[in-house]
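Can you read through this structure? Questions will come right after.
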Amino acid sequence: MSADQVLAGKVVLITGAGRGIGAACARYVAGLGATVVINDLDAEAASLEAAQLADEGATAVAAAFDVADWTAVDVAVQSVVGRFGAVDGLVNNAAIYKMAGMLESTPELWDELIRPNVIGVAACGQRVARQMVEQGTGSIVNITSGAQCGLDAMSIYGATKAAVASLTYTWAIELAQSGVRVNAVSPRGATRMSEYGADFILRRTGTAIPPEPPASSNAPAVAYLLSDLSDGITGQVVRVDGSQISLMTHPAVSVPMADRREWDVPSVHQLFEQSLRQRMSPPGVAGLAGPKIVGPQQDGWAVPWGTPGPTP
C-alpha cells in the first residue's frame, strides 16, 4: 500500500468534526483513503464538511448526534456498521472549552464541560470498542490536552482532559489482548477554542497570546495512530505542538522511595528538606505556564507564553 493510501478501506468515526481539529483530521484521513463519518452536534456543520469531502471524491457521511447520549451513540454506531460493515477507527475529539478560576467556577459550568468532555468520550469509546473487539481489530484516538498538567483558569477543562488521559491508559490495558489499540493526542491548533482562550486572556491580563499553529498540524499524528503502521503502540499520549512532536509522560510514582519503619512529622519534614523538595515538579506545561490570569502571582511557576517553561 502506498503512503498516500495508508488508511484505504478503513472506516473512521471522528466526533466534533464539523470544524477545527476534528474537521482537519477528517480531511486528512479521507485523503489517505479512509471512509469518514463526520459527527457534530451542529448538524449543518457536519453536513457541510461531509459534502465538501464527497465533492472532492472521498467517501464521507455526516452523523449529527450528542456524544454524551448513550442511546444516540448506540444508534449511530449500529448505523455505521450497518452501512459500512465495520468501525476501524474512532477519534474522540468532541469537547467544550471554557475558562474560569477555581474560586469563580460554578456547578453549571462543571456540568457543562464534564458531559461532552468525559461522558461523551466514555460513551463513544465504549460503544465503538465493543464493535472493535468483535471485529478483532481497531484503533481509538482520544483527544486530550496539555491542560491536564495544570494551566491557570483551566481547572475544569484540565480535569476533564486528565480524565481522558486516564481513560486512555486504562482502556489500553483492558483491551491489550483484543486487537484494539487506544492512544491519545494532546494537540495545539488555531480553532474557535483557541480564539476564545486568547480573548479571555487578553480581557483578563491585557496580554496578547501568540498565534496557535494550524489545526491541520495535528492530523498526521492522529492518522498514524489510526493506521496499521502504529501496530503495537497503545496507551500513549502524543504531544503535538506545531512543528514539534513528543510523548507526554504517564503519571507515576517517583523513585527511589524513602523507606522508614515509622514516619512522623519531623521525619517527613527531614525527607523533604534533604531530598523531595529538590525533586518536586512544578505544575504546568512547558512553554504554557503563564501569564497569570487569576489569583496571586506564584514566584517560580509562571513564565511568558511561548517561552521555554518547566517540564512537568
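In the list SER194, SER186, SER139, which residue meets the criterion of being of a type in the set (S, T, N, Q), under 18 Å from ALA94 (Cβ atoms) and within 13 Å of the chain's Cα centre (by Cα)? Full working, then the answer.
Working: SER194 fails: within 13 Å of the chain's Cα centre (by Cα); SER139 fails: within 13 Å of the chain's Cα centre (by Cα).
The match here is SER186.
Oh, and also: So which residues in segment 42-75 are farther than 18 Å from VAL29 by Cβ, among the hydrophobic types (A, V, I, L, M, F, W, C) and out of contact with any Cys (no Cβ under 6 Å at 6 or more places or on another chain), if there are any at all?
ALA43, ALA64, PHE65, ALA68, TRP70, ALA72, VAL75
Can you pull out every residue in segment 161-196 that is part of a helix (DSSP H, G or I), of a type in the set (S, T, N, Q) and surrounded by fewer than 18 Cβ atoms within 10 Å (Cβ to Cβ)?
Of all residues in segment 161-196, those part of a helix (DSSP H, G or I) come to 161-174, 192-196.
Still in the list and also of a type in the set (S, T, N, Q): 166, 168, 170, 194.
Answer for segment 161-196, where residues must be part of a helix (DSSP H, G or I), of a type in the set (S, T, N, Q) and surrounded by fewer than 18 Cβ atoms within 10 Å (Cβ to Cβ): SER166, THR170.
Pairs needed: first member in segment 81-101, farther than 19 Å from VAL141 by Cβ; second member anywhere, of a type in the set (Gly, Ala, Ser) and crowded, with 16+ Cβ neighbours inside 10 Å; C-beta distance under 9 Å; at least 6 residues apart or different chains.
MET99/ALA153; MET99/GLY197; ALA100/ALA153; ALA100/SER155; GLY101/ALA153; GLY101/SER155
Output the qualifying pairs, or none if there are none: Cβ atoms under 9 angstrom, residues six or more apart or on different chains, first residue in segment 163-181 and closer than 19 Å to VAL12 by Cα and without any contact (Cβ under 8 Å) to a residue 60 or more places away in the chain, second residue hydrophobic (A, V, I, L, M, F, W, C) and surrounded by fewer than 17 Cβ atoms within 10 Å (Cβ to Cβ).
If the second residue must be hydrophobic (A, V, I, L, M, F, W, C) and surrounded by fewer than 17 Cβ atoms within 10 Å (Cβ to Cβ), the pairs left are LEU175/VAL133; SER178/VAL133; GLY179/VAL133; VAL180/VAL133; ARG181/ILE233.
Another question, then. Looking only at residues that are polar (S, T, N, Q) and under 21 Å from GLY82 (Cα atoms) in segment 35-66, which one is nearest to the chain's Cα centre (by Cα)? Quick ask: steps written out before the conclusion?
Here is the first cut: in segment 35-66, the ones polar (S, T, N, Q) are 35, 39, 47, 52, 59.
With the extra rule that they be under 21 Å from GLY82 (Cα atoms), the set shrinks to 35, 39, 47, 59.
Details: THR35: 22, ASN39: 16, SER47: 24, THR59: 25 Å.
Step by step, filter segment 35-66, then rank; the result is ASN39.
Do we find that ALA86 is buried (at least 16 other Cβ atoms within 10 Å of the Cβ) and of a type outside the set (S, T, N, Q) in this structure?
Working: buried (at least 16 other Cβ atoms within 10 Å of the Cβ): yes; of a type outside the set (S, T, N, Q): yes.
Judged against the criteria, ALA86 is a match.
For segment 68-79, which residues satisfy the criterion of being under 19 Å from ASN142 (Cα atoms) and either not in a helix (DSSP H, G or I) or not small (Gly, Ala, Ser) (or both)? Full working, then the answer.
Let us first name the residues in segment 68-79 that are under 19 Å from ASN142 (Cα atoms), namely 68-70, 73-74, 76-77.
ALA68, ASP69, TRP70, VAL73, ASP74, VAL77 - these are the residues of segment 68-79 that are under 19 Å from ASN142 (Cα atoms) and either not in a helix (DSSP H, G or I) or not small (Gly, Ala, Ser) (or both).
If you don't mind, another one. Of the residues that make up segment 137-149, is at least one farther than 15 Å from VAL285 by Cβ, surrounded by fewer than 23 Cβ atoms within 10 Å (Cβ to Cβ), out of contact with any Pro (no Cβ under 7 Å at 6 or more places or on another chain) and modelled with pLDDT of 95 or more? Before you say what the answer is, go through the steps one by one.
If we filter segment 137-149 for residues that are farther than 15 Å from VAL285 by Cβ, which is where we start, we get 137-143.
Pick out the ones that are also surrounded by fewer than 23 Cβ atoms within 10 Å (Cβ to Cβ) and you get 137.
Filter once more, so that each one left must be out of contact with any Pro (no Cβ under 7 Å at 6 or more places or on another chain): 137.
From what's left, modelled with pLDDT of 95 or more: 137.
Within segment 137-149 (the criterion being farther than 15 Å from VAL285 by Cβ, surrounded by fewer than 23 Cβ atoms within 10 Å (Cβ to Cβ), out of contact with any Pro (no Cβ under 7 Å at 6 or more places or on another chain) and modelled with pLDDT of 95 or more), the answer is yes, since at least one residue qualifies.
Answer yes or no: is there a residue in segment 197-209 that is more than 24 Å from GLY18 (Cβ to Cβ), surrounded by fewer than 17 Cβ atoms within 10 Å (Cβ to Cβ) and under 25 Å from the mean Cα position of the chain (by Cα).
The answer is yes, given that some residue of segment 197-209 is more than 24 Å from GLY18 (Cβ to Cβ), surrounded by fewer than 17 Cβ atoms within 10 Å (Cβ to Cβ) and under 25 Å from the mean Cα position of the chain (by Cα).
Return the only residue of VAL91, VAL128, VAL121 being of a type in the set (Val, Ile, Thr), surrounded by 24 or more Cβ atoms within 10 Å (Cβ to Cβ), at negative phi and not in a helix (DSSP H, G or I). Before you say what the answer is, go through the steps one by one.
Details: VAL128 fails: not in a helix (DSSP H, G or I); VAL121 fails: not in a helix (DSSP H, G or I).
It is VAL91.
What tally of residues in segment 248-265 results from selecting those that are surrounded by fewer than 10 Cβ atoms within 10 Å (Cβ to Cβ), among the aliphatic types (A, V, I, L, M) and either in contact with a Pro (Cβ under 8 Å, 6 or more places away or on another chain) or assigned to a loop (DSSP other than H, G, I, E, B) (or both)?
The number of residues fulfilling the criteria is 4.
Continuing with the same structure: (1) in contact with a strand residue (DSSP E or B) (Cβ under 8 Å, 6 or more places away or on another chain); (2) surrounded by 15 or more Cβ atoms within 10 Å (Cβ to Cβ); (3) free of Cβ contacts under 8 Å to residues at least 24 places away in the same chain; (4) of a type in the set (A, V, I, L, M): which one isn't true of ALA72, the others all being true?
(1)
How do the pairs read when you match residues in segment 277-297 that are more than 16 Å from PRO210 (Cα to Cα) and surrounded by fewer than 16 Cβ atoms within 10 Å (Cβ to Cβ) with residues anywhere that are hydroxyl-bearing (Ser, Thr, Tyr) and at pLDDT 85 or above, using Cβ under 9 Å and keeping only pairs 6 or more apart or on different chains?
Listed by first residue and then by second, the contacts come to ARG279/SER254; SER281/SER254.
Name, by its number, the condition in (1) outside any loop (DSSP other than H, G, I, E, B); (2) surrounded by 18 or more Cβ atoms within 10 Å (Cβ to Cβ) that does not hold for PHE65.
Answer for PHE65: the failing condition is (1).
Next question, about the same structure. When only residues in segment 7-25 that are touching a Gly at 6+ places or on another chain (Cβ under 9 Å) and part of a helix (DSSP H, G or I) count, which is surrounded by the fewest Cβ atoms within 10 Å (Cβ to Cβ)? Walk me through how you get there before you give the answer.
The first filter runs over segment 7-25 and keeps only residues touching a Gly at 6+ places or on another chain (Cβ under 9 Å), leaving 7-16, 20-24.
If we keep only those that are part of a helix (DSSP H, G or I) too, we end up with 20-24.
Values: GLY20: 22, ILE21: 30, GLY22: 30, ALA23: 26, ALA24: 24.
Here the answer is GLY20.
Same structure again: Give segment 131-158 a look and list any residue that's closer than 24 Å to TRP70 by Cβ and free of Cβ contacts under 8 Å to residues at least 24 places away in the same chain, or say none.
GLU134
The values are calculated or read from the model by the stated rules, or taken from the named source; none is laboratory data. Being a predicted model, the structure only gives us computed values, none of them experimental. For neighbour counting, all protein chains shown are included, and Cβ atoms are generated from backbone atoms with ideal geometry for every residue, glycine included.
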